[in-house]
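Step one of this worksheet: look at the structure below.
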Amino acid sequence: SAVISQKPSRDICQRGTSLTIQCQVDSQVTMMFWYRQQPGQSLTLIATANQGSEATYESGFVIDKFPISRPNLTFSTLTVSNMSPEDSSIYLCSVVTSGPYNEQFFGPGTRLTVL
Amino acid sequence: AQKVTQAQTEISVVEKEDVTLDCVYETRDTTYYLFWYKQPPSGELVFLIRRNSFDEQNEISGRYSWNFQKSTSSFNFTITASQVVDSAVYFCALVPSGTYKYIFGTGTRLKVLA
């Protein structure tokens, strides 16, 4: 398993501003992901954070809106740029540790409200 | 297409009742994994169980049990003698072998009333 922390845990932001969310893992992990969970909805994968290279984005998500960094095997950031109220969501990072089971461990989430 | 359906949007039960949460999946892959996660009001996702497609044995863990039936593409979750602390949103997820991309269902909100 892995212990994952996210900062901030929650924030209220103004329209047009940007917020950077940090994800820290207590051990080196092979893969890291970022998800969005809009109010009352399921989780949607935003991108795979690749260490040392550009993130791989899912359909409907673009780097200009959600730039991601992953400078090492234990840390990643997701920035939500030029925010609008539609970006109000919980943002979760997840990691895959070594092993055969494709199991992901999820961070506690960042609850974002955009006014 | 690969898909997970949780038809029950919300279920309310009285404490100590048994409750079953349904999960039906679609995939053409022969090898895949199925998961259940719990999301309490605090928002974090808590891992409950993983099952691979070759293991159809049912599993029991305390008050929790899971019924995996490939013939009906279902992976249902039963809570016995429910408690207020079981109140949460429960997600079922499918992960095709060879990928780490989770396909989540829309979740079932369980409310256990005292």
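Details
- Among beta bridges that DSSP assigns inside the range B:3-113, antiparallel share in %, nearest 5: 90
- Per residue solvent-accessible surface (Å²) - the range B:3-113, probe of 1.4 Å: 48
- Potential extension, B:GLU44-B:ARG28 segment - 0.36 nm per residue separation minus Cα distance: 2.7 nm
- Applying both filters, DSSP loop and at most 11 other Cβ atoms within 10 Å, to the chymotrypsin sites (Phe, Trp or Tyr not before Pro) of the range B:29-114 gives B:PHE54.
- With the gyration tensor restricted to C-alpha atoms of chain A, the semi-axes of the equivalent ellipsoid amount to 23, 14, 13 Å, longest first.
- Taking all protein chains together and rolling a 1.4 Å probe, B:LYS111 ends up with roughly 80 Å² accessible.
- Ranking by accessible area, most exposed first, for A:ASP11, A:ASP26 with a 1.4 Å probe: A:ASP26, A:ASP11
- Sequence-separation-based contact order of the range B:1-76, relative, with Cα cut under 8 Å and 6+ spacing, percent: 28
- For A:SER89, nonlocal amide neighbours, meaning residues 5 or more places apart or on other chains whose placed amide H falls under 5 Å from its own, are A:LEU112.
- Charge dipole of chain B (Cα centre as origin; +1 on each Lys and Arg Cβ, -1 on each Asp and Glu Cβ, all else neutral): 240 debye, rounded to the nearest 20.
- Cysteines (scope the protein assembly as shown) whose Cβ has no counterpart Cys Cβ under 4.7 Å: A:CYS13
- Selection from A:SER81, B:TYR37, B:THR20, by position along the positive dipole direction of the protein assembly as shown (Cβ): A:SER81
- Interface of A with B. Using a 1.4 Å probe and counting protein heavy atoms only, the two chains hide about 1700 Å² of accessible surface, both sides summed.
- Cβ-placed point charges (K, R +1; D, E -1), dipole of chain A about Cα centre in debye, nearest 20: 220
- The mean sequence distance of close C-alpha pairs (under 8 Å, at least 6 residues apart), as a share of the length of the range B:56-114, puts its relative contact order at 26 percent.
- Largest-first ordering by accessible area, 1.4 Å probe, given options A:SER88, A:SER18: A:SER18, A:SER88
The values are calculated or read from the model by the stated rules, or taken from the named source; none is laboratory data. None of these values were measured; they are calculated from a predicted model. Cβ atoms come from the backbone with ideal geometry, glycine included; neighbour counts cover every protein chain shown. Protein only, heavy atoms only, side chains kept; ligands, DNA and RNA dropped before computing areas. Shrake-Rupley method; radii C 1.70, N 1.55, O 1.52, S 1.80 Å.
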